[in-house]
Amino acid sequence: MARPIRVAAAGDVHCDDVNRDEIERAFVRIEGTVDAILLAGDLTTYGELEQAELLAEIVRPLETPVFAVLGNHDWHCREVPQLVVVLEEGGIRMIDRRHAVLQLDGTSLGVAGAKGFVGGFPDATLPDFGEPLLRDVYAETTAEVKALDAGLAAIEGCDHRIALLHYAPTETTLEGEPRGIWAFLGSDRLAAPILEHHPDVVLHGHAHVGAFQGAVGDVPVYNVAVPSLARDFFVFELDGGSVSVA
């Protein structure tokens with residue numbers, strides 16, 4: 001019988017030389033209390049390699065497995081390939097457009113990862129039409145949706161299943177954000193694979209002042225953005241398909 005698992009999640013830690021010590025203290029406090037740590041993008045402030053090195057330095061001594069996707073901040077300096085190498089050398093398993101399976105005492109945890117992208121929500125959605133640049137945006141979101149679908153399909157046999165994103169797949173976790181920027185905070189196109197594969201929970205970041213809890217259909221969605229770790233990680237317990245905030 002599958003045992004319950006505990007995961008700690010945080011998005012938008014924005015690691016740099018200003019908050020490095022604060023972030024390290026947060027990781028030290030969570031180490032040994034959960035089965036896995038999930039980072040929902042914006043791992044760095046500006047996507048600089050030096051900032052990635054700081055986070056890698058913090059994570060390297062940990063024994064708790066750490067999984068992550070990138071966020072928009074991590075793309076800013078256009079150094080993503082080098083950034084990923086630095087983070088993975090520090091022990092962070094990057095799962096952008098991929099998935100990972102963790103075995104825990106005979107119980108399996110599957111995590112499907114994707115950054116996600118923009119596109120908006122009902123009544124304000126970007127169509128696949130018009131200028132090539134806008135159609136490129138639509139195509140980028142399509143690629144993220146397809147990757148999330150493939151990742152969720154790959155972990156369907158796991159005892160516990162999590163979708164890890166940066167951008168929001170639902171407007172229910174955007175309440176509190178200015179409505180004028182919702183189209184830049186996510187896309188409900190990301191909801192389609194979630195409804196299809198029905199993971200236990202979806203975790204995302206990016207919405208710094210959005211609502212903590214929402215849903216895609218009956219799948220719970222949590223916004224785990226914690227800018228500069230103004231609070232420590234959110235901790236979730238998964239048990240038999242149910243999810244609770246620890």
For this session: Run the dipole for the stretch 175-246 about the Cα centre, Lys and Arg Cβ at +1, Asp and Glu Cβ at -1, nothing else charged, and hand back the magnitude in debye, nearest 20.
Result: 300
For this session: May I ask you to list the residues of the stretch 1-27 whose amide nitrogen lies under 20 Å from a point 7 Å from Cα along the Cα→beta-carbon direction of Val209?
Result: 11-14
Exercise. What share of the DSSP beta bridges in the stretch 94-202 is antiparallel, in percent to the nearest 5?
Worked result: 45
Seminar exercise, completed: Sorted list, accessible surface of protein heavy atoms, 1.4 Å probe, largest first, for Val66, Val245 is Val245, Val66
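For the stretch 139-233, what's the relative contact order in percent, using C-alpha pairs closer than 8 Å and at least 6 residues apart?
Relative contact order of the stretch 139-233: 30 percent.
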Exercise. Which whole-number value in Å³ per residue fits the convex hull of the alpha carbons of the stretch 207-246?
Worked result: 62
Exercise. Ordered by residue, what ³J(HN,Hα) values in Hz, to whole numbers, does the stretch 7-15 give under the Karplus form 6.51 cos²θ - 1.76 cosθ + 1.60, where θ = phi - 60° and Gly and Pro are x?
Worked result: 10, 9, 9, 8, x, 6, 6, 6, 5
Exercise. Which whole-Hz couplings ³J(HN,Hα) result when phi for each residue of the stretch 108-121 is put into the Karplus expression 6.51 cos²θ - 1.76 cosθ + 1.60, θ = phi - 60°, listed in order with x for Gly and Pro?
Worked result: 10, 10, x, 10, 9, x, 7, 5, x, 6, 8, x, x, 9
Exercise. Magnitude of the Cβ-charge dipole of the stretch 1-119, K/R +1 and D/E -1, about the Cα centre, nearest 20 debye?
Worked result: 640
Seminar exercise, completed: So Gln82 and Val28, fully extended at 0.36 nm per residue minus their Cα-Cα distance, gain in nm 16.8 nm
Exercise. To the nearest 10 Å², what's Asp200's accessible area with a 1.4 Å probe?
Worked result: 20
Exercise. What ³J(HN,Hα) values, in whole Hz, does the Karplus curve 6.51 cos²θ - 1.76 cosθ + 1.60 give for the stretch 31-41 when θ = phi - 60°, with x put for Gly and Pro?
Worked result: 4, x, 9, 9, 7, 7, 10, 10, 10, 9, x
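Take the Cβ-Cβ distance between Leu49 and Asp218 as r, set R0 to 45 Å, and report the resulting FRET efficiency rounded to the nearest 0.05.
After rounding to 0.05, the efficiency reads 0.60.
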Exercise. To the nearest 10 square angstrom, how much accessible area does Leu238 have with a 1.4 angstrom probe?
Worked result: 0
For this session: Sort out for me the Cα centre separation of the stretch 144-169 from the stretch 21-46, rounded to whole Å.
Result: 21
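Mean separation of Cα pairs under 8 Å and 6+ residues apart, divided by the residue count of the chain: what relative contact order is that in percent?
23
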Seminar exercise, completed: Surrounding charge for Pro65, neighbours by C-beta under 15 angstrom, Lys/Arg +1, Asp/Glu -1, total -1
Problem set entry | Calculated over the stretch 1-114: convex hull of Cα atoms, volume per residue (Å³) | 88
Problem set entry | For the chain, calculated [θ]222 nm from helices alone, where every DSSP H run of n ≥ 4 adds -39500 (n - 2.57) | -8000 deg cm²/dmol
Problem set entry | Heavy atoms of His76: accessible area, 1.4 Å probe, square angstrom to 10 | 120
Exercise. Among the DSSP beta bridges whose two residues both lie in the chain, what percent are antiparallel, rounded to the nearest 5?
Worked result: 45
For this session: Give me the Kirkwood hydrodynamic radius of the chain, using the inverse of the mean 1/r over all pairs of distinct Cα atoms, in Å to one decimal.
Result: 17.7
Problem set entry | Accessible area, probe 1.4 Å, largest first, for residues Cys77, Cys158, Cys15 | Cys77, Cys158, Cys15
For this session: Rank these residues by their accessible area, most exposed first, probe 1.4 Å: Trp182, Trp75.
Result: Trp75, Trp182
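Rounded if a/c is under 1.5, else prolate if a/b is larger than b/c, else oblate: which is the stretch 161-235, with a ≥ b ≥ c the root eigenvalues of its Cα gyration tensor? The partial results should precede the final answer.
Values: a/c = 2.08, a/b = 1.22, b/c = 1.70.
Oblate, because a/c is 1.5 or more while a/b does not exceed b/c.
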Seminar exercise, completed: Bridge orientation stat for the stretch 1-114 from DSSP, antiparallel percent rounded to 5, came to 35
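The values are calculated or read from the model by the stated rules, or taken from the named source; none is laboratory data. What you are looking at is a predicted structure, and each value in this text was computed from that prediction instead of being measured. Cβ: placed from backbone, ideal geometry, glycine included. Neighbour counts: every protein chain shown. Heavy atoms of the whole protein, side chains included, go into the accessibility calculation; ligands, DNA and RNA do not. Shrake-Rupley method; radii C 1.70, N 1.55, O 1.52, S 1.80 Å.
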